[in-house]
């Protein structure tokens, strides 16, 4: 089934060229189907690139998905045109009375800044709090996962001496689980961050379960025990060249970055990257949409309440 996107969104042409099924809102309005409504809070600098990455994954599922794009209203985007933001993005005041089947909060290039010093931290907190009553399931990616741990569970992250960048091996840590259905015992995923969670603190928290981890990258997939919040510490949405683009950018800024680990052939930046995570990323998003959104969300979104979806199904 297709992902429904706003008419004329730049990602449409890219996705169609990759044979990913997309459908404009105008065309979808003529179909008698209740699509999953997913809100994306896009905190990444290159909005269009991140939109395309996430829509690529959402469009690879058997469910019809309608997407709203959300911005922090008083934060100007330096890398995306004002026209694009005004045309395709909505402010929180416009959507705060809505309910959604799913919410994705992206990463952000804020790894070394204390949460309380982030200029829009109060807005992030407000949106996270709102999501716990207005969204069936929330998917936190990378920086957003750390922000969610801090705000919802009072868990502090640890800053790293150098940026962790690369593609790392992970293993499942739980018995067969819906979110990991179809996963191999070991799989790869990209990371790009300046901080990590203390995995023992996460393990010991009574409201959290670690589902996948890495010897080199720590906790990777964590699920809240009320099944509402999914935390992914890496970037399953990244495309082949994303880590390379970040590496080249950081070199250009004289940040002396380390070469992304396990990414280039023979760890040589002059050679092509090896893509080893796309199947995992696609399966993760598909499982999230199916088992934690579609199968739990009410048909009528106005029926949603503060009770957890899993409790409501009992």
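Tabulated data for the structure shown
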quantity	calculated
One residue from 185, 216, 198, 207 being farther than 23 Å from residue 56 by Cα, touching a helix residue (DSSP H, G or I) at 6+ places or on another chain (Cβ under 8 Å) and surrounded by fewer than 19 Cβ atoms within 10 Å (Cβ to Cβ)	207
Given (1) surrounded by fewer than 21 Cβ atoms within 10 Å (Cβ to Cβ); (2) within 18 Å of the chain's Cα centre (by Cα), number of the condition residue 171 does not satisfy	(2)
Output for the stretch 291-311, where each listed residue is modelled with pLDDT of 85 or more, assigned to a helix (DSSP H, G or I) and surrounded by 18 or more Cβ atoms within 10 Å (Cβ to Cβ)	292, 293, 294
Leading residue by the ranking (modelled with the highest pLDDT) among those in the stretch 15-48 that are surrounded by fewer than 19 Cβ atoms within 10 Å (Cβ to Cβ) and assigned to a helix (DSSP H, G or I)	48
Residues satisfying the stated conditions in the stretch 249-284, i.e. part of a helix (DSSP H, G or I) and in contact with a helix residue (DSSP H, G or I) (Cβ under 8 Å, 6 or more places away or on another chain)	281, 282, 284
Checklist (1) surrounded by 23 or more Cβ atoms within 10 Å (Cβ to Cβ); (2) at pLDDT below 95; (3) more than 24 Å from residue 179 (Cα to Cα) applied to residue 78, failing item	(1)
Identity of the residue in the stretch 154-167, out of contact with any strand residue (DSSP E or B) (no Cβ under 7 Å at 6 or more places or on another chain) and without any contact (Cβ under 8 Å) to a residue 60 or more places away in the chain, that ends up surrounded by the fewest Cβ atoms within 10 Å (Cβ to Cβ)	161
Those strands (runs of 3 or more DSSP E) lying entirely in the stretch 49-149 with at least 3 residues in contact (Cβ under 8 Å) with a residue 12 or more places away in the chain and over 27 Å from residue 195 (Cα atoms)	65-70
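Residues checked against (1) touching a strand residue (DSSP E or B) at 6+ places or on another chain (Cβ under 9 Å); (2) farther than 17 Å from residue 142 by Cβ:
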{"site": "84", "(1), (2)": "no, yes"}
{"site": "92", "(1), (2)": "yes, yes"}
{"site": "96", "(1), (2)": "no, yes"}
{"site": "100", "(1), (2)": "yes, yes"}
{"site": "113", "(1), (2)": "no, no"}
{"site": "118", "(1), (2)": "no, no"}
{"site": "122", "(1), (2)": "no, yes"}
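The values are calculated or read from the model by the stated rules, or taken from the named source; none is laboratory data. Computed from a predicted structure; not experimentally measured. Positions of Cβ are backbone-derived with ideal geometry, glycine not excepted, and every protein chain shown enters the neighbour counts.
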